[in-house]
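For reference, the structure is listed below as structure tokens.
The values are calculated or read from the model by the stated rules, or taken from the named source; none is laboratory data. A quick note: this is a predicted structure, and the numbers were derived from the prediction, not measured. Glycine also receives a Cβ, built like all others from the backbone with ideal geometry; neighbour counts cover every protein chain displayed. These accessible areas exclude ligands, DNA and RNA; they are computed on the full protein's heavy atoms, side chains included. Shrake-Rupley method; radii C 1.70, N 1.55, O 1.52, S 1.80 Å.
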Amino acid sequence: DAGITQSPRHKVTETGTPVTLRCHQTENHRYMYWYRQDPGHGLRLIHYSYGVKDTDKGEVSDGYSVSRSKTEDFLLTLESATSSQTSVYFCAIGSRDSDYGYTFGSGTRLTVV
Amino acid sequence: AQTVTQSQPEMSVQEAETVTLSCTYDTSESDYYLFWYKQPPSRQMILVIRQEAYKQQNATENRFSVNFQKAAKSFSLKISDSQLGDAAMYFCAYRSAWGEYGNKLVFGAGTILRVKS
């Protein structure tokens with residue numbers, strides 16, 4: 001979607017290395033979300049943000065941290081990547097008044113070897 | 001916490017036929033939204049249809065319609081006149097209507113839809 005971009009689109013990294021995924025939006029939405037998608041689990045929420053410097057954990061937050069220093073950017077960091085974090089990661093944006101769900105980025109396929 | 005269940009990991013349909021994908025959810029809330037998302041092989045998440053819980057009328061978008069049964073907590077998606085381009089993973093999702101810190105989407109595990117020519 002034009003209003004939200006994720007980078008990188010693909011990444012292969014080694015176990016134990018730190019990894020940062022970036023989500024950038026041009027919609028000025030207050031809310032941003034990081035999900036991971038795994039077979040049999042659908043999309044599960046990792047962390048979310050409800051404003052600059054305001055973040056909270058989702059259901060699968062262990063091993064992940066986030067930061068939001070500007071409205072437009074939401075970073076997801078794997079402090080020390082593990083093979084269980086091999087997944088497709090999606091960023092999404094939304095506004096509180098929107099009842100149309102979210103707008104999703106194109107996803108990042110992360111492989112930890 | 002809310003949960004969403006899609007009991008059909010895979011479904012198949014013949015081109016031009018009708019198929020129904022099932023979704024049930026669990027919540028104690030009375031006001032919420034329900035969504036169906038389509039994810040083709042490109043990985044893009046595409047909103048197909050949405051339903052507001054306070055509306056009794058079932059939502060319809062062209063060939064896509066839902067059967068919303070609030071008391072049964074059921075939200076199925078019917079695709080009529082199936083086309084090859086409908087082949088994708090379909091996710092059912094729930095979102096509370098209220099929440100100070102962002103209304104998080106809760107997803108089901110997904111149903112892979114295959115369309116046969």
Per residue, how many Å² of accessible area does the stretch B:14-117 show with a 1.4 Å probe?
47 Å²
Whole-Hz Karplus couplings 3J(HN,Hα) for the stretch A:32-38, θ = phi - 60° and coefficients 6.51, -1.76, 1.60, Gly and Pro as x, run 9, 9, 10, 10, 10, 10, 9
Under the definition of Cα pairs under 8 Å and six or more residues apart, what whole-number percent is the relative contact order of chain A?
36 percent
Tell me the net charge near residue A:23. Cut-off is 10 Å between Cβ atoms, residue A:23 excluded, with +1 for each Lys or Arg and -1 for each Asp or Glu.
0
Excluding residue B:114 itself, what net charge comes from residues whose Cβ is under 15 Å from its Cβ, given Lys and Arg +1 and Asp and Glu -1?
-2
Once you charge only the Cβ atoms, +1 for Lys and Arg and -1 for Asp and Glu, what is the size of the charge dipole of the stretch B:3-116 about its Cα centre, to the nearest 20 debye?
100 debye
Which one of A:28, B:44, B:20 has its Cα pushed farthest toward the positive end of the charge dipole of the protein assembly as shown, where Lys and Arg give +1 and Asp and Glu give -1 at the Cβ?
B:44
For residue B:60, what is the net charge nearby, where nearby means another residue's Cβ is under 15 Å from its Cβ and Lys, Arg count +1, Asp, Glu -1?
+1
Rounded to the nearest 10 Å², what accessible area does residue A:53 show when all protein chains are kept and the probe is 1.4 Å?
150 Å²
Using Cα pairs closer than 8 Å and at least 6 residues apart in sequence, work out the relative contact order for the stretch B:3-116, in percent.
38 percent
Could you check how much of the accessible area of the stretch B:33-96 is carbon and sulfur, as a whole percent, using a 1.4 Å probe?
47 percent
Accessible surface of residue A:10 in the full protein assembly, 1.4 angstrom probe, to the nearest 10 Å²?
120 Å²
Give the accessible surface of the stretch A:17-113 per residue, rounded to a whole number of Å², with probe radius 1.4 Å and ligands, DNA and RNA excluded.
43 Å²
